[in-house]
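Presented below is the structure to which this report refers.
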Ligand code: ATP
(Lines give C-alpha, C1' and ligand atoms only; values in the text may rest on other atoms or scores of the structure.)
Protein backbone atom coordinates (compact mmCIF):
# COMPACT_ATOMS: atom_id res chain seq x y z
CA UNK A 1 0.00 0.00 0.00
CA UNK A 2 1.31 3.45 -0.85
CA UNK A 3 1.79 5.74 2.14
CA UNK A 4 1.17 9.46 1.77
CA UNK A 5 4.88 9.97 1.08
CA UNK A 6 5.12 7.58 -1.84
CA UNK A 7 1.48 7.97 -2.97
CA UNK A 8 2.57 10.74 -5.34
CA UNK A 9 5.18 8.44 -6.94
CA UNK A 10 2.56 5.68 -7.18
CA UNK A 11 0.15 8.01 -9.00
CA UNK A 12 2.86 9.09 -11.47
CA UNK A 13 3.73 5.45 -12.19
CA UNK A 14 0.07 4.54 -12.58
CA UNK A 15 -0.49 7.41 -15.03
CA UNK A 16 2.30 6.12 -17.22
CA UNK A 17 1.37 2.43 -17.00
CA UNK A 18 -2.28 3.01 -17.87
CA UNK A 19 -1.97 5.53 -20.68
CA UNK A 20 -2.81 8.76 -18.85
CA UNK A 21 0.40 10.79 -18.91
CA UNK A 22 3.83 10.18 -20.45
CA UNK A 23 7.06 12.21 -20.20
CA UNK A 24 7.41 14.26 -23.40
CA UNK A 25 9.67 12.78 -26.11
CA UNK A 26 10.48 9.92 -23.78
CA UNK A 27 12.55 7.99 -26.34
CA UNK A 28 15.08 10.84 -26.06
CA UNK A 29 14.96 10.66 -22.25
CA UNK A 30 12.20 13.24 -21.96
CA UNK A 31 12.16 17.01 -21.64
CA UNK A 32 12.09 18.44 -18.12
CA UNK A 33 8.67 19.62 -16.95
CA UNK A 34 6.95 18.82 -20.25
CA UNK A 35 4.42 15.98 -20.49
CA UNK A 36 2.15 14.33 -23.06
CA UNK A 37 -1.35 13.12 -22.33
CA UNK A 38 -2.05 9.59 -23.51
CA UNK A 39 -5.28 7.99 -24.66
CA UNK A 40 -7.08 8.11 -21.30
CA UNK A 41 -5.35 11.21 -19.92
CA UNK A 42 -6.49 13.26 -22.91
CA UNK A 43 -10.11 12.06 -22.43
CA UNK A 44 -9.99 12.94 -18.73
CA UNK A 45 -8.50 16.35 -19.47
CA UNK A 46 -11.09 17.04 -22.15
CA UNK A 47 -13.95 16.07 -19.82
CA UNK A 48 -12.64 18.49 -17.16
CA UNK A 49 -12.24 21.19 -19.78
CA UNK A 50 -15.79 20.68 -21.08
CA UNK A 51 -17.20 20.67 -17.55
CA UNK A 52 -15.51 23.99 -16.74
CA UNK A 53 -16.48 25.53 -20.11
CA UNK A 54 -20.10 24.54 -19.73
CA UNK A 55 -20.33 25.76 -16.13
CA UNK A 56 -18.82 29.11 -17.12
CA UNK A 57 -20.49 29.84 -20.45
CA UNK A 58 -23.65 27.74 -20.81
CA UNK A 59 -24.77 28.25 -17.21
CA UNK A 60 -23.92 31.98 -17.08
CA UNK A 61 -25.89 33.99 -19.60
CA UNK A 62 -23.52 36.92 -19.14
CA UNK A 63 -20.29 35.00 -19.87
CA UNK A 64 -19.08 34.19 -23.38
CA UNK A 65 -15.99 32.33 -24.53
CA UNK A 66 -13.18 33.16 -26.95
CA UNK A 67 -10.13 31.40 -28.36
CA UNK A 68 -7.28 33.87 -28.85
CA UNK A 69 -3.90 33.13 -30.46
CA UNK A 70 -0.87 32.14 -28.39
CA UNK A 71 1.31 34.69 -30.22
CA UNK A 72 0.46 38.30 -29.46
CA UNK A 73 1.95 41.64 -30.40
CA UNK A 74 5.06 42.05 -28.20
CA UNK A 75 3.80 45.37 -26.80
CA UNK A 76 1.03 43.39 -25.09
CA UNK A 77 3.61 42.10 -22.62
CA UNK A 78 5.13 45.54 -22.03
CA UNK A 79 1.64 46.85 -21.23
CA UNK A 80 0.70 43.92 -19.02
CA UNK A 81 3.87 44.39 -16.97
CA UNK A 82 5.22 40.93 -17.77
CA UNK A 83 8.40 42.18 -19.45
CA UNK A 84 9.35 44.14 -16.35
CA UNK A 85 7.71 42.20 -13.54
CA UNK A 86 7.07 38.58 -14.45
CA UNK A 87 10.02 37.19 -12.62
CA UNK A 88 10.90 35.22 -9.53
CA UNK A 89 13.83 35.93 -7.19
CA UNK A 90 16.44 33.23 -7.81
CA UNK A 91 19.71 32.28 -6.22
CA UNK A 92 22.49 30.03 -7.57
CA UNK A 93 24.82 27.81 -5.62
CA UNK A 94 28.34 28.64 -6.84
CA UNK A 95 29.69 25.14 -6.26
CA UNK A 96 26.96 23.11 -7.98
CA UNK A 97 25.64 25.85 -10.33
CA UNK A 98 22.17 24.74 -9.30
CA UNK A 99 19.54 27.47 -9.41
CA UNK A 100 16.77 27.77 -6.83
CA UNK A 101 13.68 29.88 -6.43
CA UNK A 102 14.32 31.76 -3.19
CA UNK A 103 10.79 31.24 -1.84
CA UNK A 104 11.00 27.49 -2.48
CA UNK A 105 14.35 27.27 -0.67
CA UNK A 106 12.97 29.08 2.38
CA UNK A 107 9.68 27.14 2.34
CA UNK A 108 11.61 23.84 2.28
CA UNK A 109 13.58 25.02 5.34
CA UNK A 110 10.33 25.97 7.11
CA UNK A 111 8.95 22.52 6.26
CA UNK A 112 11.91 20.74 7.80
CA UNK A 113 11.78 22.99 10.91
CA UNK A 114 8.14 22.04 11.28
CA UNK A 115 8.90 18.33 10.91
CA UNK A 116 11.55 18.65 13.64
CA UNK A 117 8.88 20.09 15.95
CA UNK A 118 9.96 23.77 15.69
CA UNK A 119 6.61 25.08 14.41
CA UNK A 120 7.19 28.53 15.96
CA UNK A 121 10.51 29.02 14.18
CA UNK A 122 8.97 27.85 10.89
CA UNK A 123 6.19 30.39 11.23
CA UNK A 124 8.63 33.22 12.00
CA UNK A 125 10.72 32.26 8.97
CA UNK A 126 7.70 32.27 6.62
CA UNK A 127 6.48 35.61 7.99
CA UNK A 128 9.92 37.17 7.47
CA UNK A 129 10.07 35.73 3.95
CA UNK A 130 6.65 37.16 3.03
CA UNK A 131 7.65 40.61 4.31
CA UNK A 132 10.96 40.61 2.41
CA UNK A 133 9.33 39.34 -0.80
CA UNK A 134 6.63 41.99 -0.54
CA UNK A 135 9.34 44.66 -0.21
CA UNK A 136 11.51 43.15 -3.00
CA UNK A 137 14.34 43.18 -0.45
CA UNK A 138 16.83 40.83 -2.14
CA UNK A 139 19.71 41.52 0.28
CA UNK A 140 17.37 40.72 3.15
CA UNK A 141 16.34 37.45 1.48
CA UNK A 142 19.96 36.42 1.06
CA UNK A 143 20.67 37.26 4.71
CA UNK A 144 17.70 35.10 5.72
CA UNK A 145 19.11 32.15 3.73
CA UNK A 146 22.47 32.62 5.46
CA UNK A 147 20.92 33.11 8.88
CA UNK A 148 19.11 29.75 8.62
CA UNK A 149 22.28 28.12 7.23
CA UNK A 150 20.43 26.79 4.18
CA UNK A 151 22.63 24.69 1.92
CA UNK A 152 22.40 23.37 -1.63
CA UNK A 153 21.03 19.80 -1.88
CA UNK A 154 23.65 18.95 -4.52
CA UNK A 155 26.91 20.49 -3.25
CA UNK A 156 25.91 20.67 0.41
CA UNK A 157 27.49 24.15 0.68
CA UNK A 158 26.09 27.57 1.50
CA UNK A 159 28.22 29.29 -1.15
CA UNK A 160 25.48 31.42 -2.73
CA UNK A 161 25.38 34.12 -5.43
CA UNK A 162 23.37 37.29 -4.89
CA UNK A 163 19.59 37.02 -5.26
CA UNK A 164 18.46 38.03 -8.77
CA UNK A 165 15.23 38.36 -10.70
CA UNK A 166 14.72 35.84 -13.52
CA UNK A 167 12.05 36.45 -16.17
CA UNK A 168 9.84 33.44 -16.80
CA UNK A 169 8.71 34.26 -20.36
CA UNK A 170 9.91 32.22 -23.35
CA UNK A 171 10.79 34.29 -26.39
CA UNK A 172 11.12 33.35 -30.03
CA UNK A 173 11.44 35.05 -33.45
CA UNK A 174 8.60 35.70 -35.82
CA UNK A 175 9.23 35.95 -39.58
CA UNK A 176 12.43 35.07 -41.41
CA UNK A 177 14.74 37.86 -40.20
CA UNK A 178 15.96 37.60 -36.67
CA UNK A 179 16.38 40.99 -35.08
CA UNK A 180 15.12 42.57 -31.91
CA UNK A 181 11.94 43.87 -33.56
CA UNK A 182 10.88 40.35 -34.52
CA UNK A 183 11.18 38.96 -31.00
CA UNK A 184 7.87 37.74 -29.62
CA UNK A 185 6.85 35.81 -26.52
CA UNK A 186 4.92 32.64 -25.94
CA UNK A 187 2.05 33.87 -23.76
CA UNK A 188 2.65 33.23 -20.03
CA UNK A 189 -1.08 33.56 -19.30
CA UNK A 190 -4.22 33.47 -21.43
CA UNK A 191 -5.73 36.56 -19.78
CA UNK A 192 -4.15 39.15 -22.10
CA UNK A 193 -5.90 37.61 -25.14
CA UNK A 194 -9.14 38.46 -23.34
CA UNK A 195 -8.16 42.02 -22.42
CA UNK A 196 -7.07 43.02 -25.92
CA UNK A 197 -10.39 41.66 -27.27
CA UNK A 198 -12.50 43.27 -24.55
CA UNK A 199 -14.14 45.84 -26.83
CA UNK A 200 -14.44 43.46 -29.81
CA UNK A 201 -16.48 41.08 -27.69
CA UNK A 202 -18.41 43.75 -25.80
CA UNK A 203 -19.50 45.52 -28.97
CA UNK A 204 -20.19 42.52 -31.24
CA UNK A 205 -21.87 40.57 -28.43
CA UNK A 206 -23.75 43.66 -27.16
CA UNK A 207 -22.58 42.71 -23.66
CA UNK A 208 -23.70 44.78 -20.69
CA UNK A 209 -21.62 45.15 -17.55
CA UNK A 210 -21.27 43.01 -15.47
CA UNK A 211 -20.17 40.36 -17.98
CA UNK A 212 -17.39 37.86 -18.40
CA UNK A 213 -15.13 36.42 -21.10
CA UNK A 214 -13.81 32.89 -20.68
CA UNK A 215 -10.95 31.16 -22.41
CA UNK A 216 -9.09 27.85 -22.28
CA UNK A 217 -5.62 27.66 -23.76
CA UNK A 218 -1.93 26.94 -23.52
CA UNK A 219 0.44 29.10 -21.50
CA UNK A 220 4.22 28.85 -21.22
CA UNK A 221 6.56 29.65 -18.35
CA UNK A 222 10.24 28.92 -18.06
CA UNK A 223 9.85 27.50 -14.56
CA UNK A 224 13.14 27.01 -12.78
CA UNK A 225 12.00 24.48 -10.26
CA UNK A 226 10.10 21.99 -12.32
CA UNK A 227 10.07 18.56 -10.75
CA UNK A 228 6.57 18.01 -9.48
CA UNK A 229 5.09 16.08 -12.41
CA UNK A 230 2.20 17.99 -14.04
CA UNK A 231 1.87 20.28 -11.02
CA UNK A 232 4.51 22.64 -12.41
CA UNK A 233 5.09 22.46 -16.14
CA UNK A 234 6.78 24.68 -18.69
CA UNK A 235 3.92 24.24 -21.16
CA UNK A 236 0.50 23.97 -19.54
CA UNK A 237 -3.14 24.89 -20.00
CA UNK A 238 -5.17 27.51 -18.17
CA UNK A 239 -8.93 27.97 -17.90
CA UNK A 240 -9.45 31.66 -17.23
CA UNK A 241 -12.40 33.97 -16.95
CA UNK A 242 -12.21 37.75 -16.73
CA UNK A 243 -15.33 39.34 -15.26
CA UNK A 244 -15.80 43.05 -16.05
CA UNK A 245 -17.54 45.11 -13.38
CA UNK A 246 -18.37 48.71 -12.49
CA UNK A 247 -15.55 50.41 -10.50
CA UNK A 248 -16.35 50.31 -6.80
CA UNK A 249 -18.19 46.99 -7.00
CA UNK A 250 -15.07 44.82 -7.31
CA UNK A 251 -14.92 43.75 -3.64
CA UNK A 252 -18.45 42.39 -3.78
CA UNK A 253 -17.79 40.52 -7.05
CA UNK A 254 -14.48 39.19 -5.76
CA UNK A 255 -16.30 37.61 -2.80
CA UNK A 256 -19.03 36.22 -5.08
CA UNK A 257 -16.51 34.59 -7.42
CA UNK A 258 -14.56 33.13 -4.50
CA UNK A 259 -17.77 31.48 -3.34
CA UNK A 260 -18.84 30.33 -6.84
CA UNK A 261 -15.49 28.84 -7.67
CA UNK A 262 -15.38 26.92 -4.41
CA UNK A 263 -18.85 25.54 -5.20
CA UNK A 264 -17.54 24.36 -8.58
CA UNK A 265 -14.67 22.55 -6.86
CA UNK A 266 -17.05 20.88 -4.43
CA UNK A 267 -19.26 19.80 -7.35
CA UNK A 268 -16.39 17.53 -8.42
CA UNK A 269 -17.31 15.38 -5.43
CA UNK A 270 -14.19 16.38 -3.50
CA UNK A 271 -14.86 16.95 0.23
CA UNK A 272 -14.61 20.49 1.62
CA UNK A 273 -11.81 19.63 4.05
CA UNK A 274 -9.51 18.88 1.10
CA UNK A 275 -9.68 22.56 0.08
CA UNK A 276 -8.68 25.82 1.68
CA UNK A 277 -8.34 29.48 0.69
CA UNK A 278 -4.95 31.13 0.92
CA UNK A 279 -4.96 34.94 0.88
CA UNK A 280 -1.98 36.57 -0.83
CA UNK A 281 0.29 38.76 1.29
CA UNK A 282 2.41 39.87 -1.64
CA UNK A 283 -0.01 41.13 -4.27
CA UNK A 284 0.92 41.00 -7.96
CA UNK A 285 1.51 44.36 -9.63
CA UNK A 286 -2.06 44.40 -11.00
CA UNK A 287 -4.11 43.25 -8.00
CA UNK A 288 -5.95 44.88 -5.09
CA UNK A 289 -6.99 41.53 -3.59
CA UNK A 290 -6.03 37.95 -4.40
CA UNK A 291 -6.35 34.46 -3.04
CA UNK A 292 -5.70 30.89 -4.09
CA UNK A 293 -7.90 27.85 -3.78
CA UNK A 294 -5.55 25.17 -2.51
CA UNK A 295 -6.13 21.42 -2.62
CA UNK A 296 -4.49 18.92 -0.32
CA UNK A 297 -2.35 17.03 -2.88
CA UNK A 298 -0.25 14.05 -1.74
CA UNK A 299 2.57 16.65 -1.65
CA UNK A 300 0.57 18.91 0.67
CA UNK A 301 -1.82 21.86 0.27
CA UNK A 302 -0.99 23.63 -3.01
CA UNK A 303 -2.60 26.15 -5.36
CA UNK A 304 -5.01 24.91 -8.03
CA UNK A 305 -6.78 28.17 -8.82
CA UNK A 306 -6.13 31.87 -8.34
CA UNK A 307 -8.87 34.46 -7.87
CA UNK A 308 -7.64 37.97 -8.43
CA UNK A 309 -9.20 41.39 -8.26
CA UNK A 310 -7.13 42.89 -11.09
CA UNK A 311 -8.52 46.46 -10.82
CA UNK A 312 -8.50 48.39 -14.13
CA UNK A 313 -4.75 47.85 -14.43
CA UNK A 314 -4.71 45.80 -17.65
CA UNK A 315 -7.32 47.70 -19.67
CA UNK A 316 -5.89 51.05 -18.59
CA UNK A 317 -2.40 50.01 -19.49
CA UNK A 318 -3.48 48.69 -22.92
CA UNK A 319 -5.26 51.99 -23.48
CA UNK A 320 -2.03 53.86 -22.71
CA UNK A 321 0.22 51.67 -24.88
CA UNK A 322 -2.16 51.21 -27.84
CA UNK A 323 -3.65 54.73 -27.69
CA UNK A 324 -7.05 53.06 -28.26
CA UNK A 325 -9.91 53.75 -25.88
CA UNK A 326 -10.78 50.81 -23.64
CA UNK A 327 -13.84 52.44 -22.17
CA UNK A 328 -17.36 51.22 -21.70
CA UNK A 329 -20.44 53.43 -21.73
CA UNK A 330 -22.78 52.51 -18.89
CA UNK A 331 -26.26 53.97 -19.36
CA UNK A 332 -27.65 52.55 -16.11
CA UNK A 333 -28.73 55.29 -13.74
CA UNK A 334 -26.53 56.01 -10.73
CA UNK A 335 -29.00 56.48 -7.87
CA UNK A 336 -26.66 58.87 -6.06
CA UNK A 337 -26.59 61.39 -8.94
CA UNK A 338 -29.73 60.48 -10.89
CA UNK A 339 -27.57 60.41 -14.05
CA UNK A 340 -26.10 57.50 -16.11
CA UNK A 341 -22.79 56.11 -14.86
CA UNK A 342 -21.33 57.12 -18.23
CA UNK A 343 -17.86 56.23 -19.56
CA UNK A 344 -15.35 54.28 -17.51
CA UNK A 345 -12.70 51.60 -17.72
CA UNK A 346 -14.19 48.50 -16.06
CA UNK A 347 -12.61 46.73 -13.11
CA UNK A 348 -11.86 43.05 -13.48
CA UNK A 349 -12.21 39.95 -11.34
CA UNK A 350 -10.22 37.03 -12.69
CA UNK A 351 -10.67 33.34 -11.97
CA UNK A 352 -7.69 31.37 -13.25
CA UNK A 353 -7.46 27.63 -12.86
CA UNK A 354 -4.70 25.36 -14.17
CA UNK A 355 -6.19 22.55 -16.26
CA UNK A 356 -3.23 20.23 -15.67
CA UNK A 357 -3.29 20.89 -11.93
CA UNK A 358 -6.99 20.06 -11.96
CA UNK A 359 -6.21 16.80 -13.76
CA UNK A 360 -3.66 16.03 -11.03
CA UNK A 361 -6.16 16.97 -8.33
CA UNK A 362 -8.87 14.71 -9.80
CA UNK A 363 -6.35 11.87 -10.18
CA UNK A 364 -5.04 12.31 -6.62
CA UNK A 365 -8.55 12.26 -5.23
CA UNK A 366 -9.62 9.25 -7.31
CA UNK A 367 -6.57 7.02 -6.77
CA UNK A 368 -7.16 4.23 -4.30
CA UNK A 369 -5.21 1.05 -3.52
CA UNK A 370 -7.47 -1.58 -2.00
CA UNK A 371 -6.53 -4.77 -0.21
CA UNK A 372 -9.16 -7.36 -1.12
CA UNK A 373 -7.44 -10.37 0.47
CA UNK A 374 -9.57 -13.05 2.08
CA UNK A 375 -8.41 -15.77 4.47
CA UNK A 376 -7.40 -18.10 1.67
CA UNK A 377 -6.46 -15.68 -1.11
CA UNK A 378 -4.29 -12.61 -1.43
CA UNK A 379 -5.83 -9.97 -3.67
CA UNK A 380 -5.71 -6.22 -4.25
CA UNK A 381 -6.74 -3.65 -6.82
CA UNK A 382 -5.99 -0.09 -7.84
CA UNK A 383 -9.13 1.83 -8.65
CA UNK A 384 -9.60 5.37 -9.92
CA UNK A 385 -12.87 6.57 -8.43
CA UNK A 386 -13.54 9.37 -10.91
CA UNK A 387 -16.94 11.05 -10.84
CA UNK A 388 -18.68 9.34 -13.83
CA UNK A 389 -18.97 12.68 -15.67
CA UNK A 390 -15.15 12.95 -15.75
CA UNK A 391 -14.24 9.30 -16.34
CA UNK A 392 -12.45 8.71 -19.68
CA UNK A 393 -14.67 5.71 -20.45
CA UNK A 394 -18.20 5.50 -19.08
CA UNK A 395 -19.12 1.93 -20.00
CA UNK A 396 -17.15 -1.22 -20.83
CA UNK A 397 -19.01 -3.89 -22.80
CA UNK A 398 -17.56 -7.34 -22.26
CA UNK A 399 -18.75 -10.61 -23.83
CA UNK A 400 -18.00 -13.46 -21.40
CA UNK A 401 -16.51 -15.61 -24.19
CA UNK A 402 -15.47 -14.98 -27.77
CA UNK A 403 -18.02 -17.40 -29.26
CA UNK A 404 -21.62 -18.64 -29.15
CA UNK A 405 -22.94 -15.37 -30.59
CA UNK A 406 -22.02 -13.34 -27.46
CA UNK A 407 -19.67 -10.91 -29.27
CA UNK A 408 -22.44 -10.12 -31.75
CA UNK A 409 -24.86 -9.17 -28.96
CA UNK A 410 -22.14 -7.12 -27.22
CA UNK A 411 -21.37 -5.33 -30.49
CA UNK A 412 -24.98 -4.38 -31.00
CA UNK A 413 -25.13 -2.93 -27.44
CA UNK A 414 -21.93 -1.03 -28.27
CA UNK A 415 -23.58 0.40 -31.41
CA UNK A 416 -26.60 1.55 -29.39
CA UNK A 417 -24.55 3.21 -26.63
CA UNK A 418 -21.55 4.73 -28.37
CA UNK A 419 -23.33 7.72 -29.92
CA UNK A 420 -24.29 8.79 -26.37
CA UNK A 421 -21.07 8.39 -24.34
CA UNK A 422 -17.59 6.86 -24.56
CA UNK A 423 -17.78 3.05 -24.53
CA UNK A 424 -15.09 0.40 -24.67
CA UNK A 425 -15.37 -3.09 -26.10
CA UNK A 426 -13.08 -5.91 -25.02
CA UNK A 427 -13.18 -9.68 -25.38
CA UNK A 428 -9.62 -10.75 -24.42
CA UNK A 429 -8.64 -12.32 -21.03
CA UNK A 430 -10.75 -13.53 -18.15
CA UNK A 431 -13.62 -11.35 -17.04
CA UNK A 432 -11.86 -10.72 -13.69
CA UNK A 433 -8.78 -9.31 -15.42
CA UNK A 434 -10.91 -7.15 -17.68
CA UNK A 435 -12.76 -5.71 -14.65
CA UNK A 436 -9.44 -4.86 -12.97
CA UNK A 437 -8.16 -3.07 -16.06
CA UNK A 438 -11.35 -1.01 -16.17
CA UNK A 439 -11.00 -0.21 -12.42
CA UNK A 440 -7.45 0.98 -13.07
CA UNK A 441 -8.62 3.54 -15.63
CA UNK A 442 -11.71 4.50 -13.66
CA UNK A 443 -14.56 3.11 -15.79
CA UNK A 444 -17.67 3.39 -13.59
CA UNK A 445 -19.75 0.66 -15.29
CA UNK A 446 -18.98 -2.69 -16.93
CA UNK A 447 -21.57 -4.95 -18.46
CA UNK A 448 -21.03 -8.60 -19.22
CA UNK A 449 -22.91 -10.45 -21.93
CA UNK A 450 -23.24 -14.16 -21.11
CA UNK A 451 -25.25 -17.19 -22.22
CA UNK A 452 -28.28 -16.12 -20.20
CA UNK A 453 -28.38 -12.92 -22.29
CA UNK A 454 -29.35 -15.03 -25.29
CA UNK A 455 -32.32 -16.40 -23.40
CA UNK A 456 -33.75 -13.37 -21.62
CA UNK A 457 -32.04 -10.23 -22.98
CA UNK A 458 -30.42 -9.40 -19.62
CA UNK A 459 -26.78 -8.62 -18.82
CA UNK A 460 -24.72 -8.30 -15.64
CA UNK A 461 -23.83 -4.73 -14.69
CA UNK A 462 -20.85 -4.29 -12.37
CA UNK A 463 -20.35 -1.08 -10.40
CA UNK A 464 -16.73 0.06 -10.10
CA UNK A 465 -16.78 1.48 -6.57
CA UNK A 466 -18.74 -1.24 -4.78
CA UNK A 467 -17.85 -4.08 -7.18
CA UNK A 468 -21.49 -5.15 -6.79
CA UNK A 469 -23.07 -6.96 -9.72
CA UNK A 470 -26.69 -7.18 -10.71
CA UNK A 471 -28.80 -8.43 -13.53
CA UNK A 472 -30.52 -5.80 -15.69
CA UNK A 473 -32.37 -5.76 -19.00
CA UNK A 474 -30.38 -4.62 -22.05
CA UNK A 475 -33.01 -1.93 -22.55
CA UNK A 476 -32.07 -0.35 -19.15
CA UNK A 477 -28.35 0.14 -19.87
CA UNK A 478 -28.60 3.53 -21.55
CA UNK A 479 -30.78 5.05 -18.83
CA UNK A 480 -28.62 3.75 -15.96
CA UNK A 481 -25.40 5.14 -17.42
CA UNK A 482 -26.92 8.41 -18.59
CA UNK A 483 -28.51 9.12 -15.22
CA UNK A 484 -25.08 8.75 -13.56
CA UNK A 485 -23.62 11.30 -15.97
P1 LIG B 1 2.61 29.25 -8.66
O2 LIG B 1 2.64 30.18 -7.47
O3 LIG B 1 2.31 27.83 -8.29
O4 LIG B 1 3.79 29.40 -9.57
P5 LIG B 1 1.00 31.24 -9.92
O6 LIG B 1 0.42 31.92 -8.74
O7 LIG B 1 2.13 31.86 -10.63
O8 LIG B 1 1.36 29.70 -9.57
P9 LIG B 1 -1.12 32.02 -11.66
O10 LIG B 1 -0.30 32.98 -12.43
O11 LIG B 1 -2.11 32.56 -10.69
O12 LIG B 1 -0.17 30.94 -10.95
O13 LIG B 1 -1.82 31.04 -12.69
C14 LIG B 1 -3.12 30.54 -12.51
C15 LIG B 1 -3.14 29.04 -12.47
O16 LIG B 1 -2.38 28.47 -13.52
C17 LIG B 1 -2.51 28.46 -11.20
O18 LIG B 1 -3.44 28.45 -10.13
C19 LIG B 1 -2.13 27.07 -11.64
O20 LIG B 1 -3.22 26.18 -11.50
C21 LIG B 1 -1.80 27.24 -13.10
N22 LIG B 1 -0.34 27.26 -13.29
C23 LIG B 1 0.49 28.31 -13.12
N24 LIG B 1 1.76 27.97 -13.42
C25 LIG B 1 1.71 26.65 -13.77
C26 LIG B 1 2.70 25.71 -14.19
N27 LIG B 1 3.96 26.06 -14.31
N28 LIG B 1 2.30 24.44 -14.47
C29 LIG B 1 1.00 24.08 -14.37
N30 LIG B 1 0.03 24.93 -13.99
C31 LIG B 1 0.38 26.19 -13.69
Practice problem: For the stretch 42-134, please list each of the helices (runs of 4 or more DSSP H) lying entirely inside it that holds at least 2 residues being within 30 Å of residue 211 (Cα to Cα). | Solution: 75-79, 82-85
Quiz item: Which residue out of 335, 350, 368 is modelled with pLDDT of 95 or more and surrounded by fewer than 15 Cβ atoms within 10 Å (Cβ to Cβ)?
Solution: 368
Quiz item: Looking at the stretch 423-436, which of its residues are in contact with a helix residue (DSSP H, G or I) (Cβ under 7 Å, 6 or more places away or on another chain) and either closer than 19 Å to residue 11 by Cα or part of a strand (DSSP E or B) (or both)?
Solution: 423, 425
Quiz item: Of all residues in the stretch 304-333, which are in contact with a helix residue (DSSP H, G or I) (Cβ under 8 Å, 6 or more places away or on another chain), more than 16 Å from residue 248 (Cβ to Cβ) and within 16 Å of the ligand (Cβ to nearest atom)?
Solution: 304, 305, 307, 314
Exercise. From 229, 220, 243, grab the single residue that is away from the ligand (no atom under 14 Å from the Cβ) and either under 16 Å from the mean Cα position of the chain (by Cα) or over 26 Å from residue 11 (Cβ atoms) (or both).
Key: 243
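Here's the yes/no breakdown for (1) touching a strand residue (DSSP E or B) at 6+ places or on another chain (Cβ under 7 Å); (2) closer than 23 Å to residue 269 by Cα:
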residue: 392; (1), (2): no, yes
residue: 402; (1), (2): no, no
residue: 442; (1), (2): yes, yes
residue: 448; (1), (2): yes, no
residue: 452; (1), (2): yes, no
residue: 479; (1), (2): no, yes
Practice problem: Hey, could you check the stretch 283-308 for residues that are in contact with a strand residue (DSSP E or B) (Cβ under 9 Å, 6 or more places away or on another chain) and part of a loop (DSSP other than H, G, I, E, B) and say which is surrounded by the most Cβ atoms within 10 Å (Cβ to Cβ)? | Solution: 286
Quiz item: Quick one: residue 360 ticks every box in (1) touching a residue at least 40 places away in the same chain (Cβ under 8 Å); (2) surrounded by fewer than 23 Cβ atoms within 10 Å (Cβ to Cβ); (3) touching a helix residue (DSSP H, G or I) at 6+ places or on another chain (Cβ under 9 Å) bar one, so which box is it?
Solution: (2)
Quiz item: Are any residues in the stretch 339-366 in contact with a strand residue (DSSP E or B) (Cβ under 6 Å, 6 or more places away or on another chain) and either within 17 Å of residue 252 (Cβ to Cβ) or more than 16 Å from the ligand (Cβ to nearest atom) (or both), and if so, which ones?
Solution: 340, 341, 343, 346, 347, 348, 349, 350, 351, 366
Practice problem: Taking only the stretch 91-113 into account, find how many residues are touching a residue at least 40 places away in the same chain (Cβ under 8 Å) and more than 18 Å from residue 130 (Cβ to Cβ). | Solution: 7
Quiz item: Mind checking which residues of the stretch 190-246 are assigned to a loop (DSSP other than H, G, I, E, B) and either without any contact (Cβ under 8 Å) to a residue 60 or more places away in the chain or within 20 Å of residue 53 (Cα to Cα) (or both)?
Solution: 190, 197, 205, 206, 207, 210, 221, 222
Self-check item: Yes/no for residue 336 being within 13 Å of the ligand (Cβ to nearest atom) and part of a loop (DSSP other than H, G, I, E, B)
Solution: no
Practice problem: Please go through the stretch 309-331 and pick out each residue that is assigned to a strand (DSSP E or B), surrounded by fewer than 20 Cβ atoms within 10 Å (Cβ to Cβ) and free of Cβ contacts under 8 Å to residues at least 60 places away in the same chain. | Solution: 329, 331
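Residue by residue, here is whether (1) within 16 Å of the ligand (Cβ to nearest atom); (2) closer than 18 Å to residue 382 by Cβ; (3) under 16 Å from the mean Cα position of the chain (by Cα); (4) surrounded by fewer than 17 Cβ atoms within 10 Å (Cβ to Cβ) holds:
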| residue | (1), (2), (3), (4) |
| --- | --- |
| 6 | no, yes, no, yes |
| 14 | no, yes, no, no |
| 23 | yes, no, no, no |
| 27 | no, no, no, yes |
| 34 | yes, no, yes, yes |
| 37 | yes, no, yes, no |
| 46 | no, no, yes, yes |
Exercise. Collect the residues in the stretch 371-390 that are at pLDDT 95 or above and over 16 Å from residue 18 (Cβ atoms), keeping them in residue-number order.
Key: 387, 388, 389
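The values are calculated or read from the model by the stated rules, or taken from the named source; none is laboratory data. Predicted model only: the values in this text are computed from it and were never measured. Neighbour counts run over all protein chains shown; Cβ positions are idealised from the backbone, glycine included.
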